[in-house]
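The values are calculated or read from the model by the stated rules, or taken from the named source; none is laboratory data. Just so it is clear, the structure is predicted and the values come from calculations on it, not from any experiment. Backbone-built Cβ (ideal geometry, glycine too); neighbour counts: all protein chains shown.
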């Protein structure tokens, strides 16, 4: 429970937590080390590592870079059972509760569970809710799951509540990498008001203002990803962290 408690403590102390998603296919070498150190210096609370596709062999090396370059937790954001490493601190044990594909509800988990136990990393049970975002995202395509319509916040809310009753520790509302539309504030508010576990929101968040809007709506953890694949955007990381950490904004 060490990493899960770290997230809870961060939410309590700062108002919300800010995680950066690292794509092993897009970040490697000296650029990775430079980016990771910059994130830590700028107020990021931790890293998610992984993705729906894995075209490179950089998955575990990238986790090692996180551990060597920073003191921040490295949490696996798995796109498949191949994305498990003992080097990481924890793994989001994702169940795609927005879909009805049994493999992504429990099937892959049965195969992955002994591998996670052997790796000795902390599993954090997470209800993964894919949300309509204006495009067919990689996560939607690869999971074979229909996303929740963005104009139906009540569907997301009762789905999240069922997941909480099943024992899930986090609710992840996912618009998807490169999403045209973010998860709506109305949907975030509906889920946050219905559930008692932390709500993660990611996908399409490209400005600190939008990040703060999601926190104001009820998000407890904000995730940004491919927006920072462009090095010109790196200087905005501090602004994102300050926007998310409304209880203790860092100096810009």
What is the residue count in the range 133-151 for residues that are outside any helix (DSSP H, G or I) and touching a residue at least 40 places away in the same chain (Cβ under 8 Å)? 9
Exactly one of 244, 197, 210, 223 is farther than 20 Å from residue 140 by Cα and touching a residue at least 60 places away in the same chain (Cβ under 8 Å), and that one is 244
Might you check whether a residue that is in contact with a strand residue (DSSP E or B) (Cβ under 7 Å, 6 or more places away or on another chain) and in contact (Cβ under 8 Å) with a residue 24 or more places away in the chain occurs anywhere in the range 177-185? yes
How do the helices (runs of 4 or more DSSP H) wholly within the range 12-127 filter down when requiring 1 or more residues that are closer than 27 Å to residue 213 by Cβ and touching a helix residue (DSSP H, G or I) at 6+ places or on another chain (Cβ under 7 Å): which remain? 29-42
Determine whether residue 188 is in contact with a helix residue (DSSP H, G or I) (Cβ under 8 Å, 6 or more places away or on another chain), closer than 27 Å to residue 31 by Cα, crowded, with 22+ Cβ neighbours inside 10 Å and at pLDDT 95 or above. no
Quick check on the range 12-24: of everything there that is surrounded by fewer than 19 Cβ atoms within 10 Å (Cβ to Cβ) and in contact (Cβ under 8 Å) with a residue 60 or more places away in the chain, which residue is farthest from residue 197 (Cα to Cα)? 13
Quick one: is residue 160 surrounded by 15 or more Cβ atoms within 10 Å (Cβ to Cβ), assigned to a helix (DSSP H, G or I), touching a strand residue (DSSP E or B) at 6+ places or on another chain (Cβ under 8 Å) and at pLDDT 95 or above? yes
